[in-house]
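What follows is a set of notes on a single structure, which appears directly below.
FYI, it's all coordinate maths here, none of it is from the lab. Just so you know, these numbers come straight off a predicted model, no measurement behind them. In this analysis, Cβ positions are derived from the backbone assuming ideal geometry, glycine residues included, and neighbour counts consider all displayed protein chains.
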There are 2 protein chains.
Amino acid sequence: MFEAVELKQKVSKEEFKTEEPKIRTALLEAQRELATAPLSVVILVSGVEGAGKAEAVNLLLSWMDPRGVEVHAMWEPTDEENERPPMWRFWRALPPKGRIGIFLGSWYTNPIIDRVFGRIDDAAFEGDLARIVAFERMLAQEGTLVVKVWMHLSKAAQKERLLELEADPLQSWRVTDLDWKFYEKVNRFRRFSEQALRTTGTGEAPWTLIGAQDRRHRNLTVAKTLLEALKERLAAVRAAKPAAITPDRPKPKPVNVLNQLDLAKRMPDESYERQLLKLTGRINVLARRLREERRSLILVFEGPDAAGKGGAIRRLLSAIDARMYQVISVAAPTDEERARPYLWRFWRHLPRLGRVTVYDRSWYGRVLVERIEGFCAKDDWQRAYAEINDFERQLTDHGTLVRKFWLMTSPAEQLRRFKERQTTPYKQYKLTEEDWRNREKWDAYEAAACEMIERTSTGAAPWIVVPADDKNTARIEVLSTVARALKKELGEE
Amino acid sequence: MFEAVELKQKVSKEEFKTEEPKIRTALLEAQRELATAPLSVVILVSGVEGAGKAEAVNLLLSWMDPRGVEVHAMWEPTDEENERPPMWRFWRALPPKGRIGIFLGSWYTNPIIDRVFGRIDDAAFEGDLARIVAFERMLAQEGTLVVKVWMHLSKAAQKERLLELEADPLQSWRVTDLDWKFYEKVNRFRRFSEQALRTTGTGEAPWTLIGAQDRRHRNLTVAKTLLEALKERLAAVRAAKPAAITPDRPKPKPVNVLNQLDLAKRMPDESYERQLLKLTGRINVLARRLREERRSLILVFEGPDAAGKGGAIRRLLSAIDARMYQVISVAAPTDEERARPYLWRFWRHLPRLGRVTVYDRSWYGRVLVERIEGFCAKDDWQRAYAEINDFERQLTDHGTLVRKFWLMTSPAEQLRRFKERQTTPYKQYKLTEEDWRNREKWDAYEAAACEMIERTSTGAAPWIVVPADDKNTARIEVLSTVARALKKELGEE
C-alpha cells in the first residue's frame, strides 16, 4: 500500500504560495467553529523516522490558532504513567471538546516497535490492533474526530533523508542511534506498519498516507487532510438534530441472579464482631503486602440506594492505612469531565502501584442510571459493556486486582432503611427525593443490573453479588472476598 | 510549648460514647453546608511518629461523608513531582471548593526533617517557614480554610508507643527503621517542630496541639478542632456580603518605562531574515542542550492586544522541536480551575525537566485585566505581587529559567493593526469587541503594567520590555533575549 505514495508527488513553490493563505483561512475558520462545537479533535502524526513529523507539526501550529491546540510528545513514559495501564498516558492527554490534540507518538508506536523487534508475536499484535480499533471507535462515538496521517518515505529516500539531516549541523541532533537501529529493520517496519494501517483504517478513523519526500507536498497534505476531516465533521455536527432519548425500562426475568438471592441470612453481632476483627487484621497484613509488592487494587461498589455501600466501604477501609487508599464517589461530572469520554472521570483516579481506589458507584452508571433515566442513547449504553470489559481487561493485564460488588437488598428492607434515615439526625442527609423516585423504578434497575452482571463479570474482574438485607452478613462477605482475592493474588500471608 | 499537652488528658469510654453521635451529626451537617459553599478545607495532620495520625484520620473519615473528602499521603515524590518545585505536589492536590483535603505529610515535613538532620541551616529553615506562612495566608484569602493539628507524645510516651506497636503483630508494620532513626533525634525534632509551630501559628491558620497519649482524647480533639474551625468559617461565609468591587483605573506617570520606549526603530526585512535564521539555529541548538541537561524554561508574554505576542511566539517556537514545548493561552477558567486559588490553573501546566512552557498571557492577568475590570478586589491584586514573586522564586530556585516579555506598541500602531485585522480574512477572528473596549482603557493598562514591571521584575525572573511597533524588531529582540538567557544558563554552545 505504500507504493502509491512513493511516486514523486511534488508541490511547486508557486502552488504552495497560492494554497497557503486559503488553507490558513479555512483552518482558522474551522477552528473557530470547533471552539464551541461538541467535538474534540485528535490528530495522530505518524510515519517513518526522517519523514519530518515534527517539522510538519511545527508548520501546522504556525498556521493555526495555538490557543486551541495541544501537542503531546509521547516520549518515555513517566513513573506515574508506568504505574498505570499503557493507554493511561493517552487517556489523560485527550483534549476536551472545542480543542485539538496533536500526538507525536501514539498508541500505535509501541505495538509496532514491539512487533518489529519480535517482543510480541503476531497474535498479540493483532490483539493490540483490534483494541485500538475499538478504542478509536469509542472516541468517535464520544464526540472525538480522530485524524490519522502516516508519513511515508521509500527505503532509499529515508536513508537519504537521515544522511542529509546528519550532515546539517543544525539538524543532525534529530538523527539518533535509535533512528539507525530502526532503519536496519526498515523492511520489518514497513511490513508491520502496513499491517497496522490496513487493520485500523476504519470508517470512523481512516488513515491518510502521505508521501513525505517533497516537503511542500507533505505539509500541504497534512493541513488539507485535517481541514477536510474537520469541515466534514463540523458540517455533520451542525446538521445533527438532538435525538430524543427514551429512557429504557427493562423488565427483570422472573428468575434471575438477584431475585433468587437468599436475603434471609442473619449474622449475630457477636459472630460479626469476631469475624470483623479477624478479617480486619488479615486485610491489614495483606494490604501492606500489596504495597510492598507494588500491586494495585480497584474495588467497585454498586447497588440500590441504602444497600449499605458506604458502611461496607468504611469497615473495609478501616483495615487499611488511610495513606494507601482513596474513595471516589460519583458526583455530577465537572465541565472538564463532561468535555471528554465518559470513562475519563474514572481513568483520572486509577491507583498508582501499591495503592487502592474504591469507587462508590462507578463507570457502571452508564448501563444503570444513564440507561434507565435516558441520560444517554441506547447505542451508548449498549456499546458500554464491551468498552468497560476492555477497560477492565487493561487494568487486570497491567496487574491491577479488580473486584466489583453488587450489594443487594429487598425492596422491603430498603423501605425500612429509608424510614430509619428519616428519623436519625445524622443520616437524614443521605436520603433525597431522588432516592424515592429511584425506588419506583426498582424493577428496571434490577433488570439492568442483571444484564450488567451477566455481560461484565469476567474471570479477572468478577462481580460479587452480596446479600445485603443483613448488614453484618454483607460486610463480612465484602471483607472476606477482598481478603481471599488479595491472598490468591499475593500468595500466602 | 509541648509541655501543656503532655499532661494526662483522658477521655473516658462513656464520655466518648456520649460525644461521638453529637460530633458526627454536627460534622455531617457542616460538611453538607460546605458542599455548596465557596470554601475548601485543607487539614494538615502532623505530629510525632507513633502518635496515631493515620488512625485518627481513619476514624475521622468513618465519621464523615467520604464523598467530600480526599486523603493525600505525601510519601516519596514521583518523578513528575520531582521535576517541578517541591510545593508542586501540594499545589496539585489542593481540594476544590466544597471539599476537604486531608494531608498526611505536608509542606512542613521536609523543612523540619532537613533541619533536624542538619541538611539546612537555621536561616534556610526560617526562610522555609516564612514562605509557608505566606502560602497559607494566600490559601486563606483564596477561600481555603486551613486546619492544622499537631499530635504530640512525650519522649517516653513515644518510645512506649513505638515498642507497643512493634510488639503487636497486626501493628508492627507501622514501625519502620526510619521511625527509630527519627526517634534518635527526638530532641532535635522537638526543638525544630516547636520552632515551626511557633513561627507558623497565625490567625489565618492556627495550630492545634493535641496530646496523643490517650487515643479517645486524641481522636475527639481532632474531630472537634475540625468541627469548630469549619463551623466558624461557614458562619463567616454565610454572614459575608458580596462586596461591590470598584474597577481600578490607575493613571500612568507622565514619564515611565513604557511611554519612554523608543518605538521608532525599524528593522529592514533583509536584516530581519538574516538574524532570524541565525537566532533560530542558535536557539535550536540551545534548546536541545536544555533538554539534555534536564532544565526547564518558562516564557511569559504579555502586552496590549495586537502587540504581536502570537507572531513572536510562533517565530520563537519554530526554532524548537514541537515535542518539547506547550503553549498555554489564557482562556476562561474551567470550573475545576475556578474552584481553586488563581495560580492553580498555571501551576498545572508547569513544564517537566527538559521542556518549555510558553504562557500567552499568564498569572499577571491578576494585576492587569482583573485589577482594571474589577474582577477581583483591591486586596487581591495588591497581594498578588508578593505571591507571584514567591511563585516565580520557587521556579527559579528549582532551576527553571524564567523570562517575561512585555511587548509594547503605541496606541496609533494598535489602531492600524486593528483595522488591518478587520480587512484580512484570516485575521478577523482575532479582533473582538473587547479589544476595542480595552483600547479605551489604554492609560489604565499602561499604568498597571508599569507597576507590575516595577514590582515583579527580579534578577532571576526579569521583565523584558520589547518595543513592538515594528514586528521585525520585536521578534528579533525576543529571540535574542531567549538565546542569551539560554546561553548564560547552559554555558557556551
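Evaluated with a Cβ-only charge set (Lys, Arg +1; Asp, Glu -1), the stretch B:3-239 carries a dipole of roughly 580 debye about its Cα centre, given to the nearest 20.
Other protein chain C-beta atoms within 10 Å of residue C-beta, averaged over B:67-73: 5.
If R0 is taken as 30 Å, the Cβ-Cβ distance between B:ASN82 and B:LYS159 corresponds to a FRET efficiency of 0.35.
In this entry, chain A is assigned a mean projected area of 27.0 nm², taken as a quarter of its C-alpha convex hull surface.
Lys and Arg at +1, Asp and Glu at -1: add these up for the other residues within a Cβ distance under 13 Å of B:ARG174 and post the number. Residues near B:ARG174 contribute -3 overall.
Measuring r between the beta carbons of B:ALA460 and B:ARG67 and using R0 = 56 Å, the FRET efficiency lands at 0.85. Work out the charge dipole of chain A with +1 on the Cβ of Lys and Arg and -1 on the Cβ of Asp and Glu about the Cα centre, then indicate which of A:TRP363, A:GLN414, A:VAL186 is farthest towards its positive end. Positive-end residue among those listed: A:GLN414. Placing a label point 7 Å from Cα along the Cα-to-Cβ direction at B:ARG439 gives distances to the equivalent points in the other copies of 6.4 nm, listed shortest first.
By the rule of a C-alpha distance below 17 Å, with chain neighbours fewer than 8 residues away ignored, the lysines paired with A:LYS8 are A:LYS155, A:LYS159.
Straight-distance candidates among the aspartates and glutamates for linking to A:LYS181, with alpha-carbon spacing under 18 Å and chain neighbours fewer than 8 residues away dropped: A:GLU49, A:GLU76, A:ASP114, A:GLU160, A:GLU164, A:GLU166. Considering helices alone, the calculated mean residue ellipticity of the protein assembly as shown at 222 nm is -16000 deg cm²/dmol, with DSSP H runs of length four and up weighted by -39500 (n - 2.57) and normalised per residue. Amide H to amide H, with H built 1.01 Å from N, B:GLY47 comes under 5 Å of B:MET151, counting only residues 5 or more places away or on other chains. Take B:ASP269, move 7 Å from Cα toward the beta carbon, and the resulting point lies 9.1 nm from the same point in each other copy, nearest first.
Remind me, relative contact order of chain B in percent, using alpha carbon pairs under 8 angstrom and six or more residues apart? Relative contact order for chain B comes out at 19 percent.
Legend: mean number of C-beta atoms from other chains within 10 angstrom of residue C-beta atoms, peptide B:427-440, equals 1. Placing +1 on the Cβ of every Lys and Arg and -1 on the Cβ of every Asp and Glu, with no other charges, gives chain B a dipole of roughly 720 debye about its Cα centre. Peptide packing for A:344-352, A:453-461 was compared via the average number of neighbouring C-beta atoms within 10 Å per residue; ordered from the highest value, the list is A:344-352, A:453-461. Extending 7 Å from the Cα toward the beta-carbon at both B:ALA167 and A:ASP177 defines two label points whose distance is 5.9 nm. Taking amide H positions as modeled 1.01 Å from N, with prolines and chain starts lacking one, the residues under 5 Å from A:SER296 and 5 or more places away or on another chain are A:GLY354, A:LEU401. The slack in the chain from B:ARG348 to B:ALA123, taken as 0.36 nm per residue of separation less the alpha-carbon distance, amounts to 78.0 nm.
For the stretch A:307-364 and the stretch B:38-76, write down the distance between their C-alpha centroids in whole Å. Comparing the Cα centres of the stretch A:307-364 and the stretch B:38-76, I get a distance of 17 Å.
Taking amide hydrogens as placed 1.01 Å from N in the peptide plane, the amide H of A:VAL466 sits under 5 Å from those of A:TRP406, A:LEU407, A:MET408, each at least 5 positions away in sequence or on another chain.
Placing +1 on the Cβ of each Lys and Arg and -1 on the Cβ of each Asp and Glu in chain A, which of A:TRP173, A:GLY203, A:TRP150 has its Cα farthest towards the positive end of the resulting dipole? It is A:GLY203, whose Cα lies furthest towards the positive end.
Neighbouring Cβ atoms from other chains, within 10 Å of the Cβ of residues in B:350-360, number 1 on average. Remark: label point of B:PRO86 defined 7 Å out from Cα along the Cα-Cβ vector; separations to the same position in other copies 3.8 nm, ascending. In terms of packing, defined here as the mean over residues of other Cβ atoms within 10 angstrom, the peptides A:182-188, B:187-193 line up highest first as B:187-193, A:182-188. A straight line joining the Cα centroids of the stretch B:388-464 and the stretch A:399-438 runs 55 Å. Within the protein assembly as shown, the proportion of C-alpha pairs whose separation exceeds 41 Å stands at 47%. Cα centroid separation, the stretch B:136-193 to the stretch A:146-206: 56 Å. Working ranking of peptides A:79-91, A:144-156 by packing, defined as the average number of other Cβ atoms within 10 Å per residue, highest first, is A:144-156, A:79-91. In units of the compact-protein estimate 2.2 N^0.38 Å, the stretch A:343-493 shows a Cα radius of gyration of 1.14. Given the pairs B:LYS148/B:LYS488; A:LYS22/B:LYS278; A:LYS97/B:LYS471; A:LYS488/B:LYS10; B:LYS22/B:LYS378; B:LYS441/B:LYS487, which span a C-alpha to C-alpha distance of over 32 angstrom in this model? From B:LYS148/B:LYS488; A:LYS22/B:LYS278; A:LYS97/B:LYS471; A:LYS488/B:LYS10; B:LYS22/B:LYS378; B:LYS441/B:LYS487, over 32 Å: B:LYS148/B:LYS488; A:LYS97/B:LYS471; A:LYS488/B:LYS10; B:LYS22/B:LYS378; B:LYS441/B:LYS487.
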